[in-house]
Amino acid sequence: MTTTHQPATPFEMGGIGHSVRRKEDDRFIQGAGRYLDDIQLPGMLHMAILRSPIAHGRILSIDTSEAEATDGVVAVVTGEMLAAHGLAWMPTLSGDTQAVLATDKVRYQGQEVAAVIATDPYVARDALSGIFVDYEELPAITSPQQALEPGAVLIRDEKEGQTDNVAYTWEAGDKAATDEAFAKADLVVTLDTHYPRSHPAPLETCGVVADVNPATGEATIYLTSQAPHAHRTLFAIVAGLPEEKIRVVSPDIGGGFGNKVPIYPGYVVATAASLLIGKPVKWVESRSENLISTGFARDFHMHGELALTADGRILGLRASILSDQGAFYADAQPTRFRAGLFHICTGSYDFGAAHVTAKGAFTNKAPGGVAYRCSFRVTEASYLIERLVQNAAYELGMDPAEFRLKNFIRPEQFPYLSPTGFVYDSGDYHTALRKAMEMIDYEGWRRRQQEPHPEGKLIGIGIASFTEVVGAGNSRTYDIAGLKMIDSAELRIHPTGKAILKLGVKSQGQGHETTFAQIVAEELGIPFEDVKVQEGDTDNTPYGLGTYASRSTPVAGAATAVVARQIREKARKLAAHLLEASPDDLEWEPGRFFVRGVPDKGVTIQEVAFAAYTNFPEGMEAGLEGVHYYDPPNMTYPFGSYIVVVEIDPEDGTWKVLDMVAVDDCGVRINPMIVEGQITGGLTEGFAKANMQWITFDENGNCIGSNFLDYLVPTAWEAPRFRLGETVTPSPHHPIGAKGVGESATVGSPAAYVNAVIDALWSKGVRNIDMPVLPHRVWGALNGVEVAP
Ligand code: CDP
């Protein structure tokens, strides 16, 4: 049930619930962050990559002689050279294989073909024009529908046993029960929609500095990595290097959003080059390289059907998806789930039956399928159900808010088992939606919508009441490439009462250095300013699967609370020794133990820490530290209700947001200001998806959207003003009741914007407009005119 959280610690201590300022921002706003491209090592060489100009073609020959003869060029690497070391192909995170440098064919525009290593980055890039590749061009497949047509050219002809362009097939839920539900329905509402290909587009592109020491064979790999430990293990497997000799260091990261989860060919080539040449090699992508070749997101063609009763109850859901995988199946997602966590598509609603089928197709586009600020395809799932629910309400003649309130899972039903097998931990959807309706004055807007507009503009009101699933694993169900989805925390309290917390996750700007220190402050009473948080160096942090899918707080945050509590138990024994009392007779208040009933007789955590190294009882091990590996019993299920009001100009199809409220519930908020920052960023990204952003290709497979003039990233100027609200429904299984929040708003908000536009146009016969809802699409839909996409 919804509660409020009152901080238990004073503000200066910075425990849970305090909006203390982010510790890391001092260096970020002074330009003193240390990013990958800031790294300079003695003798360092630079790499540039030659990429395929065409989407599909056989390589007939590669002539590198002119590039090799260029002043300053140290080496030119081709796929054939890598093949001699068994490195021409590498495994993907989804169990496929991907070319490191192409040897046989190129399969998408921008694919890596050769690399130049030179003494200067500009020399390396210029020398690319001295490499001549002869291609025999093949037909390009640019859509999954085309890929599955009989007789379509085979993209993955190198793959043994592959006779078509199908990357995977998968299903979830109960088909028979769903058929039964549909047989009983009074009404079936359907929706076909495409969640377009998008790109995480972090401001810092991907890169590596590979430093292999020829004398020791030790490799230090500086990497823009969201998952340094997993990357170290995968490097060991791909490159055949002994894992103890690999150290992955992930410095400050300028945004990741899922883009920095996969291993890219450039990382492998730079490491191989450093190994062969014996010098450090740096490679940093350009913006266009990032947009055309690294992990894209979404690209799901979705068909959904809702079975309904005439009085407005949902009975069942059918969903089928066709996903565009690009040339290699490289989704970063748990092994068991071929379409990620799409099967959470029953959303916030209580009904008995659902069945989901999914098929992925290879196309001549870049591989990816990364969870862009999303928990493994939950974004697509949330979009489909929230669009369907809205259309269902209109078909039934009901208000969409009323329809949702009627079908929501009720608070007393938690923990709730969904028809596709998820156990939702806690929720109170009715309260969140009612709060959002009140904040925006829903009834008032519905009235105003009916009034004639002086300029003929149309008003639309859109709702999205999403449920997310974040914090993978548990280890029984969730692994990536076989690595179980756990995470860890190591906490050391120094003699003077200061502390260092080492984590397996890796911040890309989310504020971990502050919030994780706040958890320690909450549990041990050590001021958050006294707790240094270290991440990103595999030699100096415990193992973990990394930061994506909003899993840091649910998993590493829980590990931090647990290890801090373990340390507090040892501190209690030390305090008892100092106070000459029994541990059971001690009471705890933030930062201090005291003897029950004698509040003046106490010791601070700092005094206890000193004693752990100077005055510990006989038989007790010295020191005050611990490590904990947390295997979550369940995921956490943050949720929220967003309401958007838009105004559409029917003359030209443009639309603008008049008001938007977002009520989020991520359980207990560690730092409310940071949470609001996460939500504001996510709402802005959701707005960009709905309004302006997509990666497209022409019929030859040329990527249109390879720069920030064509792929639009919203700034403060375009972004609407958001009003935020909250409810607090703690997670019952998380030690501090927190749920993840990093991606809630990216997941939940796109449907709210689109629903608002459709709300305005429903009475004109418009049932759907795919994202991005561009003005010409709106105009076309309003006027019944087919327009170019
Ligand atoms: O995994 P990632 O850090 O991207 O996502 P997250 O765990 O949802 O956390 C994003 C940021 O919000 C972190 O700094 C969290 O500690 C903070 N947060 C919070 O203060 N309270 C919550 N209930 C959830 C996250």
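The values are calculated or read from the model by the stated rules, or taken from the named source; none is laboratory data. All values reported here derive from a predicted model rather than from experimental measurement. Every residue, glycine among them, receives a Cβ derived from its backbone with ideal geometry; neighbour counts consider all protein chains shown. Calculation scope for accessible area: heavy atoms of the full protein, side chains included, ligands and nucleic acids excluded. Shrake-Rupley method; radii C 1.70, N 1.55, O 1.52, S 1.80 Å.
Computed values, structure above
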{"read-out": "Helices (runs of 4 or more DSSP H) contained entirely in segment 386-468, each with at least 3 residues that are open to solvent by 40 Å² or more (accessible area, probe 1.4 Å) and within 17 Å of Gly748 (Cβ to Cβ)", "value": "429-440"}
{"read-out": "Residue match in segment 12-23 (condition: open to solvent by less than 70 Å² (accessible area, probe 1.4 Å), more than 30 Å from Ala432 (Cα to Cα), modelled with pLDDT of 95 or more and more than 26 Å from the chain's Cα centre (by Cα))", "value": "yes"}
{"read-out": "The one condition in (1) surrounded by fewer than 19 Cβ atoms within 10 Å (Cβ to Cβ); (2) of a type in the set (Lys, Arg); (3) touching a residue at least 60 places away in the same chain (Cβ under 8 Å) that Lys764 fails to fulfil", "value": "(3)"}
{"read-out": "Residue satisfying all of: in segment 514-541; touching a strand residue (DSSP E or B) at 6+ places or on another chain (Cβ under 6 Å), acidic (Asp, Glu) and not in a strand (DSSP E or B); nearest to the ligand (Cβ to nearest atom) among these", "value": "Glu535"}
{"read-out": "Selection within segment 358-385 - in contact with a Lys or Arg (Cβ under 8 Å, 6 or more places away or on another chain) and open to solvent by 10 Å² or more (accessible area, probe 1.4 Å)", "value": "Lys365, Ala371"}
{"read-out": "Residue list for segment 63-95, restricted to those being open to solvent by less than 60 Å² (accessible area, probe 1.4 Å) and part of a strand (DSSP E or B)", "value": "Val73, Ala75, Val76, Val77, Thr78, Met90"}
{"read-out": "Strands (runs of 3 or more DSSP E) within segment 589-677 that include 1 or more residues touching a residue at least 60 places away in the same chain (Cβ under 8 Å), farther than 30 Å from Leu483 by Cβ and away from the ligand (no atom under 15 Å from the Cβ)", "value": "592-595, 598-604, 639-648, 655-665"}
{"read-out": "Meets criteria (in the same structural domain as Ala611 (by TED's automatic domain parsing), open to solvent by less than 10 Å² (accessible area, probe 1.4 Å), within 12 Å of the ligand (Cβ to nearest atom) and part of a loop (DSSP other than H, G, I, E, B)) for Gly544", "value": "yes"}
{"read-out": "Selection status of Gly681, within 19 Å of Tyr753 (Cα to Cα), open to solvent by less than 50 Å² (accessible area, probe 1.4 Å) and either in a loop (DSSP other than H, G, I, E, B) or within 16 Å of the ligand (Cβ to nearest atom) (or both)", "value": "yes"}
{"read-out": "Cross-chain or 6+ apart pairs with Cβ under 6 Å, segment 233-261 first and closer than 17 Å to Asp38 by Cβ, then of a type in the set (Lys, Arg) and surrounded by fewer than 19 Cβ atoms within 10 Å (Cβ to Cβ)", "value": "Pro251/Arg34; Asp252/Arg34"}
{"read-out": "When residues of segment 484-513 are limited to those that are within 13 Å of the ligand (Cβ to nearest atom) and in a strand (DSSP E or B), the one farthest from Pro633 (Cα to Cα)", "value": "Leu501"}
{"read-out": "Selection within segment 547-581 - buried (at least 22 other Cβ atoms within 10 Å of the Cβ), more than 30 Å from Cys374 (Cβ to Cβ) and in contact with a Phe, Trp or Tyr (Cβ under 8 Å, 6 or more places away or on another chain)", "value": "Ala571, Leu574, Ala575"}
{"read-out": "Unique residue being open to solvent by less than 60 Å² (accessible area, probe 1.4 Å), farther than 30 Å from Ser286 by Cβ and among the small types (Gly, Ala, Ser) when the list is Ala147, Ala115, Ala176, Ala181", "value": "Ala181"}
{"read-out": "Pair list, Cβ < 7 Å and 6+ apart or interchain, from segment 302-330 residues that are under 30 Å from Ile263 (Cα atoms) to residues that are of a type in the set (D, E, K, R) and open to solvent by less than 10 Å² (accessible area, probe 1.4 Å)", "value": "Met302/Glu380; Ser323/Asp299; Asp324/Arg197; Asp324/Asp299; Ala327/Arg107; Phe328/Asp96; Tyr329/Asp96; Ala330/Asp96"}
